[in-house]
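Here is the structure we will look at, set down as structure tokens.
The values are calculated or read from the model by the stated rules, or taken from the named source; none is laboratory data. All values derive from a computational prediction rather than experimental measurement. Don't worry about glycine lacking a Cβ; one is built from the backbone with ideal geometry, like all the others, and counts go over all protein chains shown. Side chains are part of the model used for accessible areas, which takes the heavy atoms of the whole protein and leaves out ligands, DNA and RNA. Shrake-Rupley method; radii C 1.70, N 1.55, O 1.52, S 1.80 Å.
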Amino acid sequence: MKRDTILLIGSNGQIGTALLPRLQDLFGIDHVVAADIRRPERATGLFELVDATRALDLAEVVHRHRVTQIYHLAAVLSARAEADPIGAWNLNMQTLLNVFEVARTCRIRKVFVPSSIAAFGEDAPKDETPQTALLDPSTVYGISKVAAENWSLYYHKRYGLDVRSLRYPGLISYQSMPGGGTTDYAVSIFHHAVQDLPFDCFLREDTLLPMMYMDDALRATLELMEAPWKRIRVRTSYNLAGMSFTPARLADAIRLYYPDFKVTYSPDFRQQIADSWPRSIDDSVARKDWGWKPAFDLPRMTHEMISHLSEIYHPTVHSL
Ligand SMILES: NC(=O)c1ccc[n+]([C@@H]2O[C@H](COP(=O)([O-])OP(=O)(O)OC[C@H]3O[C@@H](n4cnc5c(N)ncnc54)[C@H](O)[C@@H]3O)[C@@H](O)[C@H]2O)c1
């Protein structure tokens, strides 16, 4: 059987940085093309400098590398999008439609397009938010995710495109810094703790939000993409859950390693965004359809983050 060739758009971002080596392991280094509007600091494998808002440039890369699957990760995230709503909408929508059009016309086998818990708004149940809850987001980022979910379903129904999607919670990883979301504090806090620095959190201490360790998010993505076509019954986007915690609970988990770690709280405009989102997610449909099960809870994720970041910041005294 012919091997797939993957195009990973947005490869320098928080998810792309972690996903790229996994895809290279799975498909082979010569069968994964990383693409971004910025050059990576260190390139491993194939890289293309592409602005995905430019349809012809995107199509040229797809043709030249004979791409058969696209992972589309380029987007403006929640907090950054509120600073420039029209710019964020234009980028999120234009890149999405360019990806769908090139996928349709070039007979791409599969497309992955992430959604987010930001697709939910004030009127969805906050606890164990169900798969089919109302989507009435109050941010431009959320509105762009709901539109993307509907476009995914449209391309699937009208053209038979195999589009797959997950509503990621806030993602926590050590490989790179996050790109301007409302849950970014849950990454920055670890960098401060490991460097023995106090941390000022931009959310209130009792803000409960759905989160996930990057390893789980990558496994969910790859399991979804490898699942047989007939198991994928949701063509908008699947709810996905890992864990839920507040900044105060995360700080307590970190204090098991750094007992003197100091955290203060100065909520800013991101508090309002967080308050409009679910506190926890019901992902039973993903579990039933393609067998999803998370592996990381708060203690295990905390251990992994501190262990990896200690290796980065204090390579000679690493002892976890
Ligand atoms: N990180 C999270 O916690 C999270 C949670 C829910 C959903 N998501 C979704 O996952 C996807 C990836 O998120 P991320 O955290 O990796 O984002 P990020 O901001 O870290 O990375 C996005 C990448 O896209 C690139 N990019 C921007 N505009 C581009 C363009 N025109 N052409 C090509 N590349 C461009 C950026 O340079 C960047 O490297 C997004 O759709 C995001 O909405 C992320």
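Tabulated data for the structure shown
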quantity	calculated
Single unsatisfied condition, GLU223 versus (1) in contact with a Pro (Cβ under 6 Å, 6 or more places away or on another chain); (2) assigned by TED's automatic domain parsing to the domain that holds GLN131	(1)
Test: residue in region 174-194 that is aromatic (Phe, Trp, Tyr), open to solvent by 30 Å² or more (accessible area, probe 1.4 Å) and more than 16 Å from the ligand (Cβ to nearest atom)	no
Flag for HIS65 being open to solvent by less than 70 Å² (accessible area, probe 1.4 Å) and over 22 Å from the mean Cα position of the chain (by Cα)	yes
Spans of helices (runs of 4 or more DSSP H) in region 63-165 with at least 1 residues touching a Lys or Arg at 6+ places or on another chain (Cβ under 6 Å) and within 11 Å of the ligand (Cβ to nearest atom)	78-83
Odd one out for THR44, checked against (1) in a helix (DSSP H, G or I); (2) at pLDDT below 95	(1)
Meets criteria (among the hydroxyl-bearing types (Ser, Thr, Tyr) and in contact (Cβ under 8 Å) with a residue 40 or more places away in the chain) for THR316	no
Residue in region 298-312 that is in contact (Cβ under 8 Å) with a residue 60 or more places away in the chain and not in a helix (DSSP H, G or I) present	no
Odd one out for ARG42 among (1) without any contact (Cβ under 8 Å) to a residue 12 or more places away in the chain; (2) of a type outside the set (A, V, I, L, M, F, W, C); (3) more than 15 Å from the ligand (Cβ to nearest atom)	(3)
Options ASP51, ASP30: the member that is in contact with a strand residue (DSSP E or B) (Cβ under 8 Å, 6 or more places away or on another chain) and of a type in the set (D, E, K, R)	ASP30
